[in-house]
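Have a look at the structure below before the remarks.
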Amino acid sequence: MLEIRNLHATVEGREILNGIDLTVRAGEVHAIMGPNGSGKSTLANVIAGREGYVVTEGEVLFDGKNLLEMEPEIRACEGLFLAFQYPVEIPGVANLYFLKAAVNAVRKYRGESPVDAMDFWDLVHERMELVKMDESMLKRSVNEGFSGGEKKRNEIFQMAVLQPRFAVLDETDSGLDIDALRVVADGVNALRGPERGFLVITHYQRLLDYIVPDHVHVLVNGRIARSGGKELALELEEQGYALYNEEPGRARRAAA
Amino acid sequence: MTAAAPVLSDRHRPAFDAFMANRREPDKLSRLRREAFERFEALGWPTRQQEAWRFTDLSALQSLALQRAADAPVEAAALPTLDTAIHRLVFINGRFAPGLSKLTELPERTVIASLGQVLAADPQAVQNQLDQLPGLAQHPFTALNGTFWEDGAFIYLLPGAVLDHPIHIIFHATGGDTAVYPRLLVMLDDGARANIVVEYRGQGRYLQAPVVELSIDDGAVLEYHQLQEEAPQAFHLGGIKLQQGRDSQTQLHLMSFGGQLARTDLEVLLDGEHASCMLNGLTVGRDNQASNFYVRVDHAHPHGSSQQLFKSVLDDKARSVFDGIIHVRPHAQKTDARQNSRNLLLSKQALAQSNPRLEILADDVKCGHGSSTGFLDPNAEFYLRARGIPAAQARAMLVYAFANDSLNAIRLNPLRERLARLLAGRLALDSTEEDLTS
Ligand SMILES: Nc1ncnc2c1ncn2[C@@H]1O[C@H](COP(=O)(O)OP(=O)(O)O)[C@@H](O)[C@H]1O
Ligand SMILES: [Mg+2]
């Protein structure tokens, strides 16, 4: 479903990704772990199409289509979703309006008519319960004045409403207490299915207790240093990234 | 047949003489006109060397010899409506159009009429009230209006009178290189309450140079809305004088959308303790439009409050100026005065200028001002696009969001909804936030 081949990318002229190869098939959940600054968010941003991230080599295919040629909104309409590490505050744009605009943009792309108001309302309410979000958040401006946890919850809420085919979660678990962590995991697990793929970027093994991945990759210095099954996450938790040129515990301290 | 002398040019004296020759009116009014004209002659045509006109380019206007506008038919369907307004006054080229107006069901203790109607019925009322408020003495176009005005709206509420419905006033100009001098005189006696919507609009090329006098007595409450939606080639140079008594409250919503050059000079005198005034300005500009607000708020008594927020959204080569003075007199202690200007530029060629100034002569006051100018937040744009929203729509949503809280401060639903549609139309948005959240 998502194929990344020999991906090199620079930010402000500096090479951050140094040849990444990664294939996620439909139905799979892959976790990417790695120390701070290793390029995890860069990878997520390249996949989503953020400006300023320049691909110098390699390719990314989404269902066989060249993803890197698409505008960010086309990628989203094709079924790609990025849960941001740092969700953006947008004063003056109500959450509900934003969501409806997003849903209708995707529908328009697919040649469908705008969503029926009642159907939309039902969907929103159902998904709100899933992520245990308060209805008052719908009227509030997108992420404005939200706590860190509320912002992350809102990302998962959007994902649950948009129901993408492929989602990248960039440290959605950072800074969350255990209840919020469960909400994030429930959101992902509810969407999990044979048609969907996930790339879960995390700093901690903790999240992977709830979202059990099929594969775990360790990203270091812009390269996948190691890949394995879910037990690799546990191993990293015990040993840190020391084996990958990092002193033990630094990653955890830096993330705290 | 000789052409009528221009009523706006560098040779005004013949125009003035010709104008006066045809007037039939009480001597006192003629005297007011003569005084205004002398004031204009003394001030002269503004130049860029004058501080107050440094940033207002009048050259395109000055090169025109504008005539007095003749009567012209306008279809009722061409004019906007406000569905909760039952009192409606329409002026075409500055003259009252009774056929387009609606002045039935007038409440008691209230006068809503054209100046012409009041002059015919009770000349004293007009003579004694017109041009009585202080301020804008240095404003040449206020002086020209004082000279050449022909008609206008007269609103007078006796003590305690409360109007439930807004009064809708439309000044429409039909163009053809004409100068129009609309008038609005509002007097709210003690404890009276009114809600007024004034619209400036038109077609073709013309100048509308209105003068608005708002006299708000003790405890009176005024909500005033001004929608400047002049034709793209038009000029708008207006003056507003507002005087407030003790415990009075006003809200002025000043929306500037139209014209090639628009400028409103506003002078507020808080002339009683605990008077409060809220100014909510919004400019939406594109192409080569220029829109200026020059505001002076004078706190003359203790415990006054004034809150100003002026915003502009500028695309293409549009320009805006906000020039604001808060003046606090020495004994006006406990004054709370805020002034804020925020500008959003949508193009590198757009230019927003803010000149906030404080003149604080009292020591126990809370006064503050701030201004900011910036472009759209690329992170926010990316966030919206990453959810599937096309780039143009994403930008429009962000602009709408920036301007929307100015609209949200307007409590009059039908007007707010109209402004929302106007703004959405400017941004090529399919639907307004209001449609989608309700
Ligand atoms: N927008 C950016 N501007 C400048 N440098 C960036 C930007 N994004 C990432 N970087 C740099 O790229 C490197 C990798 O960062 P990032 O991908 O955020 O790592 P991670 O998510 O693994 O912590 C860091 O050295 C960071 O400073
Ligand atoms: Mg990161």
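Since every read-out is calculated from the coordinates, none of them should be taken as a lab result. Given the structure is predicted, the values throughout are model-derived calculations rather than measurements. In this analysis, Cβ positions are derived from the backbone assuming ideal geometry, glycine residues included, and neighbour counts consider all displayed protein chains.
Numbers for the structure displayed
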{"quantity": "In nm, spacing of pseudo-spin labels at A:Val11 and A:Arg226 (7 Å Cα→C-beta vector)", "calculated": "2.5"}
{"quantity": "Shape call, the stretch B:12-272: gyration tensor on alpha carbons, a/c limit 1.5", "calculated": "rounded"}
{"quantity": "Number of partner chain Cβ atoms within 10 Å, mean per residue of A:92-103", "calculated": "6"}
{"quantity": "Helical mean residue ellipticity (222 nm; -39500 (n - 2.57) per DSSP H run of 4+; nearest 500) of chain B", "calculated": "-6500 deg cm²/dmol"}
{"quantity": "Kyte-Doolittle mean at least -1.0 and Cα axial length at least 15 Å: DSSP H helices in chain A", "calculated": "A:95-109, A:117-130, A:148-162, A:178-191"}
{"quantity": "Long-range amide H partners of A:Ile224 with built H, under 5 Å", "calculated": "A:Asp21"}
{"quantity": "Gain in span if fully extended, B:Arg13 to B:Gln349, counting 0.36 nm per residue against the direct Cα distance", "calculated": "116.9 nm"}
{"quantity": "Rounded to 5, the percent of DSSP beta bridges in the protein assembly as shown classed as antiparallel", "calculated": "20"}
{"quantity": "Antiparallel content of DSSP bridges confined to chain B, in %, to 5", "calculated": "5"}
{"quantity": "For the stretch B:392-405, 3J(HN,Hα) per residue [Karplus equation, 6.51 cos²θ - 1.76 cosθ + 1.60, θ = phi - 60°, Hz, x = Gly/Pro]", "calculated": "5, 5, 4, 5, 4, 4, 6, 5, 4, 4, 4, 7, 4, 6"}
{"quantity": "Sites B:Asp336 and A:Trp121, calculated FRET efficiency, Cβ-Cβ separation with R0 35 Å, nearest 0.05", "calculated": "0.25"}
{"quantity": "3J(HN,Hα) from dihedral phi, the stretch B:118-131, Karplus parametrisation 6.51/-1.76/1.60, rounded to Hz, x for glycine, proline", "calculated": "5, 4, 5, 8, 8, x, 4, 4, 6, 4, 7, 9, 6, 6"}
{"quantity": "Under 5 Å, built H, 5+ apart or other chain: amide partners of A:Leu82", "calculated": "A:Val168"}
{"quantity": "FRET E, pair B:Asp71, A:Tyr86, Förster distance 56 Å, beta-carbon r, rounded to 0.05", "calculated": "0.35"}
{"quantity": "Sequence ranges B:251-264, A:177-190, ranked by mean other-Cβ count within 10 angstrom, highest first", "calculated": "B:251-264, A:177-190"}
{"quantity": "DSSP-defined antiparallel bridges as percent of all bridges, chain A, nearest 5", "calculated": "60"}
{"quantity": "Zone residues, the stretch B:187-206, relative to B:Thr84, backbone N less than 13 Å from point 7 Å out along Cα-to-Cβ", "calculated": "B:194-197"}
{"quantity": "For chain B, the longest site-free run once GluC sites (Glu not before Pro) in DSSP loop states with at most 16 other Cβ atoms within 10 Å are removed", "calculated": "B:274-438"}
{"quantity": "Whole-Hz couplings from phi, Karplus 6.51/-1.76/1.60, listed for the stretch B:184-195; x for Gly and Pro", "calculated": "9, 10, 10, 10, 10, 6, 3, x, 6, 9, 8, 9"}
{"quantity": "Ranked by how many other beta carbons lie within 10 Å on average, peptides A:1-9, B:184-192 from highest", "calculated": "B:184-192, A:1-9"}
{"quantity": "Mean Cα-pair separation over length for chain A, i.e. relative contact order, pairs under 8 Å, 6 or more apart, %", "calculated": "27"}
{"quantity": "Sparsely packed GluC sites (Glu not before Pro) within the stretch A:19-106, loop by DSSP, other Cβ within 10 Å at most 16", "calculated": "A:Glu51"}
{"quantity": "Per-pair calculated FRET efficiency, R0 = 60 Å: A:Glu135 and B:Asp27 via Cβ, rounded to 0.05", "calculated": "0.30"}
{"quantity": "Straight-distance crosslink candidates among lysines, where the alpha carbon sits under 23 Å from A:Lys100 and sequence neighbours closer than 8 are dropped", "calculated": "A:Lys108, A:Lys132, A:Lys139, A:Lys151, A:Lys152"}
{"quantity": "Mean ellipticity per residue at 222 nm, deg cm²/dmol - from DSSP H runs of n ≥ 4 across chain A, formula -39500 (n - 2.57)", "calculated": "-10500 deg cm²/dmol"}
{"quantity": "Interchain or long-range residues, amide H under 5 Å from B:Ser341's placed H", "calculated": "B:Phe310, B:Gly370, B:Ser371, B:Ser372"}
{"quantity": "Virtual paramagnetic centre 7 Å along Cα→Cβ of B:Ala409, amide N under 15 Å, in the stretch B:343-372", "calculated": "B:343-344, B:368-372"}
{"quantity": "Average beta-carbon neighbours from other chains, 10 Å sphere, peptide B:397-406", "calculated": "4"}
